[in-house]
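Asks: Just dropping this structure here.
The values are calculated or read from the model by the stated rules, or taken from the named source; none is laboratory data. Please read these numbers as outputs of a predicted model, since none were measured by experiment. For neighbour counting, all protein chains shown are included, and Cβ atoms are generated from backbone atoms with ideal geometry for every residue, glycine included.
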Amino acid sequence: MLAYARRPKVKTKVPGLSWRGMPELPDIVIYLEQLQKRVFDESLQGVRLLNPFVLRSVSPPLAEAEGRRVVGLRRLGKRIVLELEDDLFLVLHLMIAGRLHWHSSKTVKLGRNVLAAFSFSTGTLLFTEAGSKKRASLHLVRGEVALEALDRGGVEVLECGLSGFRTALLRENHTLKRALTDPRLFSGIGNAYSDEILHRARLSPVALTHRMTDEAVERLFIASQAILHEWVERLRQETGSAFPKKVTAFRSGMSVHGRFQKPCPVCGTPVQRIAHAENEANYCPGCQTGGKLLADRALSRLLKTDWPRTLEEMENRKATAKGDPIPDLNSGQR
Ligand SMILES: [Zn+2]
């Protein structure tokens, strides 16, 4: 059923609810930059696993990571990777409510949300997850091949160029919202930045990829790069030399994401939203849909077939999955 999702009543008291959103490329980049300064070339002295379920790999055992030096840090989609000596990779996926915290002191009080604690000579990295749904994960793998198996395969928008972007976008016929947030097609983009990208590109979230003109594809590509660059830079400025604290998908400078009913900063039209299960798209009817509201029965059908039910499903979508049946609908098309 298509429904307008109710706004969360509690905004700050219950961290970790889905409205916080999943950290996406800009958030992960900033985490990595700050981690680089603190743990690169340092030895991982110890790992304390406070919630055994967070560890999703069996071999090599986690103890193998201890005493190894961090020789690199990188992003893998929305995951954070610490490369250790001896070809080992610690892979952290924050999912929705997972966050990282840095304490420069060695004695750290471990709250009940702590999943794992990583000790370095420079301080302690805490991996936390708020809420009762435990989705965040930790893998320890050996070798690039094992690491690649965790890669969902989406292209890097900041590196792929227009032709690579077009190939990924047009691989299957889906709504733009789904295509942009599919980790098999694009790396690191989720609900928040896809909304911002589509708004910048002045495209409807439910326009179908196979009906895009060359000009629209190029506009979307340029908007994707611009939004991601701008937000990395913005978060970098906000974070300064500190470790990121307020990592959320809802940021005050956003144009449409999380701004239901607020005026679009470009045209002043109240921002609208469409919601299906745990997914939500915010858009400006003035800028993106020619004034049309995307809330009719046809759209409901479209969302049912073209949107995964949950964010988790979207993240875990099988790499081998074939596209869903193509809906015969042209709703919201520009
Ligand atoms: Zn607008």
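Table: residues versus (1) over 21 Å from Ile189 (Cα atoms); (2) surrounded by 15 or more Cβ atoms within 10 Å (Cβ to Cβ); (3) more than 10 Å from the ligand (Cβ to nearest atom).
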residue	(1), (2), (3)
Lys246	no, no, yes
Gln261	yes, no, yes
Pro265	yes, yes, no
Pro270	yes, no, no
Ile274	no, yes, yes
Gly290	yes, no, yes
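Asks: For the list (1) within 24 Å of Ala97 (Cβ to Cβ); (2) at pLDDT 95 or above; (3) out of contact with any helix residue (DSSP H, G or I) (no Cβ under 9 Å at 6 or more places or on another chain), I need the number of the one condition that Thr167 fails.
Replies: Tallying (1) within 24 Å of Ala97 (Cβ to Cβ); (2) at pLDDT 95 or above; (3) out of contact with any helix residue (DSSP H, G or I) (no Cβ under 9 Å at 6 or more places or on another chain), Thr167 fails exactly one: (1).
Asks: Please determine whether any residue of region 198-213 is at negative phi and without any contact (Cβ under 8 Å) to a residue 12 or more places away in the chain.
Replies: The answer is yes, given that some residue of region 198-213 is at negative phi and without any contact (Cβ under 8 Å) to a residue 12 or more places away in the chain.
Asks: Being outside any loop (DSSP other than H, G, I, E, B) and modelled with pLDDT under 95 is the filter here; which residues of region 193-207 pass it? Step through it out loud before you land on a result.
Replies: Kept after step one, since they are outside any loop (DSSP other than H, G, I, E, B), are these residues of region 193-207: 193-201.
Selection gives nothing.
Asks: Every residue in region 248-259 that is within 16 Å of the ligand (Cβ to nearest atom), over 14 Å from Arg202 (Cα atoms) and among the small types (Gly, Ala, Ser), please.
Replies: Gly253, Gly258
Asks: Give the residue, chosen from Val54, Val81, Val47, that is surrounded by 14 or more Cβ atoms within 10 Å (Cβ to Cβ), within 21 Å of Asn113 (Cβ to Cβ), of a type outside the set (Lys, Arg) and touching a Lys or Arg at 6+ places or on another chain (Cβ under 8 Å). Quick ask: steps written out before the conclusion?
Replies: Numbers: Val81 fails: within 21 Å of Asn113 (Cβ to Cβ); Val47 fails: touching a Lys or Arg at 6+ places or on another chain (Cβ under 8 Å).
One residue alone meets the criteria, Val54.
Asks: Next up: Could you figure out which of (1) surrounded by fewer than 21 Cβ atoms within 10 Å (Cβ to Cβ); (2) farther than 22 Å from Pro285 by Cβ; (3) under 19 Å from the mean Cα position of the chain (by Cα) isn't true of Ala223?
Replies: Against the list (1) surrounded by fewer than 21 Cβ atoms within 10 Å (Cβ to Cβ); (2) farther than 22 Å from Pro285 by Cβ; (3) under 19 Å from the mean Cα position of the chain (by Cα), Ala223 comes up short only on (2).
Asks: Would you check if Ala216 is part of a helix (DSSP H, G or I), within 16 Å of the ligand (Cβ to nearest atom), in the same structural domain as Arg171 (by TED's automatic domain parsing) and surrounded by fewer than 24 Cβ atoms within 10 Å (Cβ to Cβ)? Before the answer, list the steps.
Replies: Numbers: part of a helix (DSSP H, G or I): yes; within 16 Å of the ligand (Cβ to nearest atom): no; in the same structural domain as Arg171 (by TED's automatic domain parsing): yes; surrounded by fewer than 24 Cβ atoms within 10 Å (Cβ to Cβ): yes.
For Ala216, the condition - part of a helix (DSSP H, G or I), within 16 Å of the ligand (Cβ to nearest atom), in the same structural domain as Arg171 (by TED's automatic domain parsing) and surrounded by fewer than 24 Cβ atoms within 10 Å (Cβ to Cβ) - is not met.
Asks: Here is a follow-up. Name the residue, out of Arg251, Arg317, Arg259, that is within 30 Å of His101 (Cβ to Cβ), modelled with pLDDT of 65 or more, charged (D, E, K, R) and under 18 Å from the mean Cα position of the chain (by Cα).
Replies: Arg251
Asks: Are any residues in region 166-201 more than 16 Å from the ligand (Cβ to nearest atom) and either over 18 Å from the mean Cα position of the chain (by Cα) or of a type in the set (Val, Ile, Thr) (or both), and if so, which ones?
Replies: Across region 166-201, the qualifying residues are Arg166, Thr167, Leu170, Arg171, Glu172, Asn173, His174, Thr175, Thr181, Ile189.
Asks: Then there is this: Give the residues of region 104-158 that are at pLDDT below 95 and touching a Pro at 6+ places or on another chain (Cβ under 6 Å), sorted by residue number.
Replies: Scanning region 104-158 gives Ala130, Arg152.
Asks: Among the residues of region 36-82, count how many are closer than 20 Å to Thr128 by Cβ, among the charged types (D, E, K, R) and under 23 Å from the mean Cα position of the chain (by Cα).
Replies: Adding up the residues that qualify gives 4.
Asks: Could you look through region 18-44, keep only residues that are in a helix (DSSP H, G or I), touching a Ser or Thr at 6+ places or on another chain (Cβ under 6 Å) and modelled with pLDDT of 95 or more, and pick out the one that is surrounded by the fewest Cβ atoms within 10 Å (Cβ to Cβ)?
Replies: Going through the qualifying residues, I end up with Arg38.
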